[in-house]
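Remarks on the structure that follows.
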Amino acid sequence: MELRTQEAVRYISPLREGGSLPGLMEADDGFRYVVKYRGAGHGTKALIAELIGGEVARALGLRVPELVMLNLNEDFGRTEPDEEVQDLLRWSQGLNLGLHFLRGAMTYDPYANSIGESEASDIVWLDAFITNIDRTAKNTNMLMWNRETWLIDHGAALYFHHSWKDPQGAALSPFPYVKDHVLLPRASDLEGADMRAHKRLTPEVIGEIVALIPDDWLRWEGTTLTPDQLRDAYRRFLITRLENSEIFLRHAIDARKLLV
């Protein structure tokens with residue numbers, strides 16, 4: 001398992017829908033990417049959550065735009081007239097994360113678009129597993145493209161890593177925010193989703209996903225842990241959470257009973 005690395009060659013526009021101000025860029029492969037910047041908001045931790053969340057979703061058989069490492073060199077963005085964007089590009093020199101741009105995609109509307117109960121259950125299970133708080137009716141972070149549902153924006157997942165107090169304790173916690181999940185009313189097959197996930201998301205697959213995190217994203221201020229030690233902490237968090245999925249599964253099932 002590996003991600004392609006491309007060079008950013010042209011900045012196109014900011015995407016101001018998100019608080020982290022992602023941007024649309026063209027890379028040297030000729031494709032356009034929605035870029036999440038290391039210099040924004042929560043820095044490389046948001047990129048790590050985006051990478052892990054997206055690739056876990058893909059391992060579960062859900063649709064996610066291709067993720068690529070996108071390198072910004074030191075000269076990139078110097079001609080950008082917007083000072084806020086220019087600063088962001090300067091702070092983001094090095095490896096960033098790009099999501100393949102789905103031209104013509106529309107935001108998923110829970111009132112206008114339909115989704116099968118099995119797929120809805122898989123998505124709710126995913127978000128409870130990675131503790132993704134950002135899939136609500138207000139902000140679904142799903143797109144409709146070619147009449148299919150695509151998942152985007154997992155940067156708010158794995159919120160335990162912002163405090164890093166007790167990763168293993170966090171792995172054994174339920175996911176209380178599931179009550180706000182936009183697809184919870186449709187998720188009638190959560191036990192089936194749990195069974196499907198355990199078949200597809202093995203400890204080996206988790207290890208391969210975590211190994212994708214570059215060392216450059218794991219050099220944090222305020223910690224003496226090495227990149228290898230931090231990767232191992234993410235791996236153990238995810239494996240522990242998978243082995244104890246009954247905790248967040250039961251919580252999600254109980255939360256759904258209050259809605260339907």
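The values are calculated or read from the model by the stated rules, or taken from the named source; none is laboratory data. Here the structure is a predicted model, which means the values were calculated and not measured. Glycine also receives a Cβ, built like all others from the backbone with ideal geometry; neighbour counts cover every protein chain displayed. All accessible areas refer to the heavy atoms of the entire protein, side chains included, with ligands and DNA or RNA removed. Shrake-Rupley method; radii C 1.70, N 1.55, O 1.52, S 1.80 Å.
Within segment 1-52, restricting attention to residues that are of a type in the set (F, W, Y) and over 22 Å from W164 (Cα atoms), the residue that is modelled with the lowest pLDDT is Y11. Here's a check for you: in segment 128-145, which residue that is not aliphatic (A, V, I, L, M) and not in a loop (DSSP other than H, G, I, E, B) is surrounded by the most Cβ atoms within 10 Å (Cβ to Cβ)? Residue satisfying both the conditions and the ranking: F129. Considering only segment 218-229, I want to know if a residue exists there that is under 18 Å from the mean Cα position of the chain (by Cα) and closer than 23 Å to T5 by Cβ. So far as segment 218-229 goes, yes, one or more of its residues are under 18 Å from the mean Cα position of the chain (by Cα) and closer than 23 Å to T5 by Cβ.
Scanning segment 235-254 for residues that are open to solvent by 50 Å² or more (accessible area, probe 1.4 Å) and among the β-branched types (V, I, T) yields a total of 1.
Yes/no per residue for (1) of a type outside the set (K, R); (2) over 25 Å from A233 (Cα atoms); (3) under 20 Å from the mean Cα position of the chain (by Cα):
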| position | (1), (2), (3) |
| --- | --- |
| G30 | yes, yes, no |
| I52 | yes, no, yes |
| P65 | yes, yes, yes |
| T107 | yes, yes, yes |
